[in-house]
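Report on the following structure.
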Amino acid sequence: MESTLGLFAGLSAHSVALIGWGLSAFVEAAASLIVVWRFTGSRMLSPGAETTARRLVAASFWLLAPYLIAHVGYDLGHGYRSSPTALGIAVTTVSLVSMPALGLAKRRLGVRLASTATAGEGTQNLICAAMAAGVLAGLWLNTLGWWWVDPAMAVALAAVAVREGIRAWHGHACCH
């Protein structure tokens, strides 16, 4: 629901940061499925399954970065600017409130289970909350004429996603 509403609002407002945020919810769902896969059946105690899951979660961090950079370049080249959207503000506010608790719980669980895949997936929830805050700021600042905040937030999001993907790939617990 979060991703569908975020995408709809982002496309309506032509906000690359909001579209990226909506797409990231799909990536989060994929990472959640990876962690569920990791802890089912014979993979429960498998170090090889943990490595595979950790690398798949890391790769899921990287899915959005090229899209966001390309979309920002396209929008800037064509002079597109985002506009405020009540739906975008509502859905990102809900995410901003709920995602930190979920992300921190998953990271703690990842440490208890010695699963960097689970901790990395929790980090994705925290990134989602940070993105929601940035998107909200971008939508608000856009009303003041600061049109550049939306693409800047999208580029910052791409950089954070690449960094966290690298950390997850190398097995860092993502508890910073």
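The values are calculated or read from the model by the stated rules, or taken from the named source; none is laboratory data. Model, not experiment: these values are computed from the prediction. As a convention, Cβ positions derive from the backbone with ideal geometry for all residues, glycine included, and neighbour counts pool all protein chains shown. Ligands, DNA and RNA are stripped out before the accessible areas are found, and what is left, the full protein with its side chains, is counted by its heavy atoms. Shrake-Rupley method; radii C 1.70, N 1.55, O 1.52, S 1.80 Å.
Some points to look at:
- Residues of region 67-108 that turn out to be assigned to a helix (DSSP H, G or I) and closer than 19 Å to Ser15 by Cβ, as a count: 24
- Residues that are in contact with a helix residue (DSSP H, G or I) (Cβ under 7 Å, 6 or more places away or on another chain), within 17 Å of Ile127 (Cα to Cα) and surrounded by fewer than 15 Cβ atoms within 10 Å (Cβ to Cβ) occur in region 80-103; there is at least one.
- Inside region 15-66, residues that are open to solvent by 60 Å² or more (accessible area, probe 1.4 Å), under 17 Å from Gly171 (Cβ atoms) and assigned to a loop (DSSP other than H, G, I, E, B) make up a count of 0.
- Test: Leu7 is in a helix (DSSP H, G or I) and open to solvent by 40 Å² or more (accessible area, probe 1.4 Å): no
- Where a residue in region 134-149 is over 15 Å from His14 (Cα atoms) and its partner, wherever it lies, is open to solvent by 50 Å² or more (accessible area, probe 1.4 Å), with Cβ under 8 Å and at least six apart: Gly134/Met153; Ala137/Met153
- Within region 69-95, residues that are under 14 Å from Ile19 (Cβ atoms) have Cβ atoms under 9 Å from residues that are assigned to a loop (DSSP other than H, G, I, E, B) and of a type in the set (Val, Ile, Thr) in these pairs: Ser83/Thr143, counting only partners at least 6 apart in sequence or on another chain.
- Output for region 24-37, where each listed residue is modelled with pLDDT under 85 and not β-branched (Val, Ile, Thr): Ser24, Ala25, Phe26, Glu28, Ala29, Ala30, Ala31, Ser32
- Residues in region 125-176 that are farther than 25 Å from Leu76 by Cβ and open to solvent by 60 Å² or more (accessible area, probe 1.4 Å): Ile166, Trp169, His170, His172, Cys175, His176.
- Here Arg163 passes the criteria (1) under 15 Å from Ala58 (Cβ atoms); (2) modelled with pLDDT of 90 or more; (3) not hydrophobic (A, V, I, L, M, F, W, C) except the one numbered (2).
- Residue in region 102-113 that is under 15 Å from Ser24 (Cα atoms) and hydrophobic (A, V, I, L, M, F, W, C) present: no
- Some residue of region 112-122 being open to solvent by 40 Å² or more (accessible area, probe 1.4 Å) and at negative phi: yes
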